[in-house]
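This report refers to the structure that appears directly beneath it.
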Amino acid sequence: MAIDIRTAVQAAAGVAETLTLMKQALKGVVSEAILEDKAELVFAINRLKREKRAVILGHNYMEPALYQTIPDHVGDSLELSRIAAKTDADIIVFCGVRFMAETAKILNPKKLVLLPSDRAGCSLAAAITGDDVRALKRRFKGAPVVSYVNTYADVKAETDICCTSSNAAEVVQYLLDRGHKRVIFLPDEYLGTNVAHDLGLPIFFPDEADPGHERALIGWRGRCEVHEQFTVADVQQARSVNPNVVVLAHPECSRPVVEAADFSGSTKQMIRYVKENNAPEFLLLTECSMGDNIVAENPDKNLLRLCSVRCPHMKQITLEDTYAALVHLRHRIELDADTIERSRASLERMIAIGGGAPVAASSAAPAHSS
Ligand code: 13P
Ligand code: SF4
């Protein structure tokens, strides 16, 4: 049975109770030796968090001993942006990567926003700059810009509406419904291709000649260094061992991989899919820690994950650094007022549009509903 470990751990009266609860919830997922080593730290973080009136937001990719113990809220990028927009805490500690913490700062300019490591970047966010977006707007005059939330503030400042993997198709559709025929979609080549496929639109890239389509997505060749590594051969290999395996791919995977999968969606949508469906085995094509987190909460599920493919940025965020962030109030996200002002509109428009349905699903047979 699933245990709401976070609530229980955060209410624990001492280190011994913290350790007992951690062992209960992370049995078989994290070794007892590691839990014994971490329990004191977990208790200290939870106490400090209350003393400093801080809220901890944890992305679904956080390692299980952190994910199951210290965040007040966990979720995908869209969910955490919505929570960040509403929090009344004095300090936001973002256990995720820099673009996520920047998003929280943009939505809460007066609050102190901390990222436990200053090395938690993202290959997608690093793939494009504000100057690149300005050049695209000059070249494709009048086309609105949709930017994946996996971008830095200077790019969001040049953006009309942000999106996440959870609502990308809905955001583009929103613009099409308002008469726009061409939409600039940045910076993920693969997410852009998957969204274009879902909406029945062609996509082309600025390094190609303009094919002249009246309706089209104009993409950008950024890639997630994690999801670009998954291949159709990975899916075929899993199916050859177990033909009943159900394959889930994040939409940052290439189009052929998404097509070979049974389901594609944001991290939250993948978690929900596994929880709500029965299959003898699930293969997750995303950061491996998320598979551990699902197993911790659903010990009855059999999850295959390819742990040779990891996000080096998400892995920077540790319990030790989160404790240090709270003690020393570091690493502070600082953005200038003009960038905050201009980027906030793009995030607020996204939050107002809402959405969150799966981005893409293949025509392969779905898993059996439970
Ligand atoms: P989600 O919005 O699906 O959580 O994805 C964020 C991310 O960085 C995936 O690599
Ligand atoms: Fe960026 Fe990919 Fe890591 Fe997500 S998994 S933070 S998109 S590098």
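The values are calculated or read from the model by the stated rules, or taken from the named source; none is laboratory data. Just so it is clear, the structure is predicted and the values come from calculations on it, not from any experiment. Counting neighbours? That spans all protein chains shown, and the Cβs are built from the backbone with ideal geometry, glycine included. Note: areas computed on protein heavy atoms with side chains; ligands, DNA, RNA excluded. Shrake-Rupley method; radii C 1.70, N 1.55, O 1.52, S 1.80 Å.
A few points about this structure:
- Only DSSP H runs of four or more residues enter the estimate; each adds -39500 (n - 2.57), and after division by the residues of the chain the mean residue ellipticity at 222 nm equals -12500 deg cm²/dmol.
- Cβ-placed point charges (K, R +1; D, E -1), dipole of the stretch 113-163 about Cα centre in debye, nearest 20: 220 debye
- Stretch gain in nm, segment residue 329-residue 177, where the contour uses 0.36 nm per residue and the Cα spacing is subtracted: 50.2 nm
- Fraction of beta bridges assigned by DSSP in the chain that are antiparallel (%, nearest 5): 10 percent
- Take the stretch 78-232 with all the other protein chains still there, run a 1.4 Å probe, and you get 36 Å² of accessible area per residue.
- Between residue 23 and residue 345, full extension at 0.36 nm per residue minus the direct alpha carbon distance yields a gain of 111.5 nm.
- By the rule of a C-alpha distance below 20 Å, with chain neighbours fewer than 8 residues away ignored, the lysines paired with residue 268 are 86, 301, 315.
- Local electrostatic count at residue 224 - Lys and Arg +1, Asp and Glu -1, tallied over other residues with Cβ under 9 Å: -3
- Computed from backbone phi, the HN-Hα couplings of the stretch 84-101 come to 4, 5, 10, 5, 10, 5, 7, 10, 10, 9, 9, 8, x, 10, 4, 4, 6, 5 Hz, rounded to whole numbers (Karplus: 6.51 cos²θ - 1.76 cosθ + 1.60, θ = phi - 60°; Gly and Pro given as x).
- In degrees, nearest ten, helix 288-297 long axis to first principal axis of the chain (Cα): 50 degrees
- Phi to ³J(HN,Hα) by Karplus 6.51 cos²θ - 1.76 cosθ + 1.60 over the stretch 120-127, Hz, x for Gly, Pro: 8, x, 5, 5, 6, 4, 6, 7
- Gaussian network model of the chain, springs between alpha carbon atoms under 10 Å - residue of 210, 154, 198 with greatest fluctuation: 210
- C-alpha long axis of helix 15-25 to longest principal axis of the chain, angle in °: 50 degrees
- Residues with amide H under 5 Å from that of residue 283, placed H, sequence gap 5 or more: 246, 247, 248, 304
- Only protein heavy atoms count here; on that basis, with a 1.4 Å probe, residue 259 has an accessible area of about 100 Å².
- Residue among 179, 355, 121 with the largest mean-square fluctuation in a Gaussian network model of the chain, springs linking Cα atoms under 10 Å: 179
- Accessible surface of residue 40 - all protein chains present, 1.4 Å probe, nearest 10 Å²: 130 Å²
- Angle in degrees between helix 337-353 and the longest Cα principal axis of the chain, rounded to the nearest 10: 90 degrees
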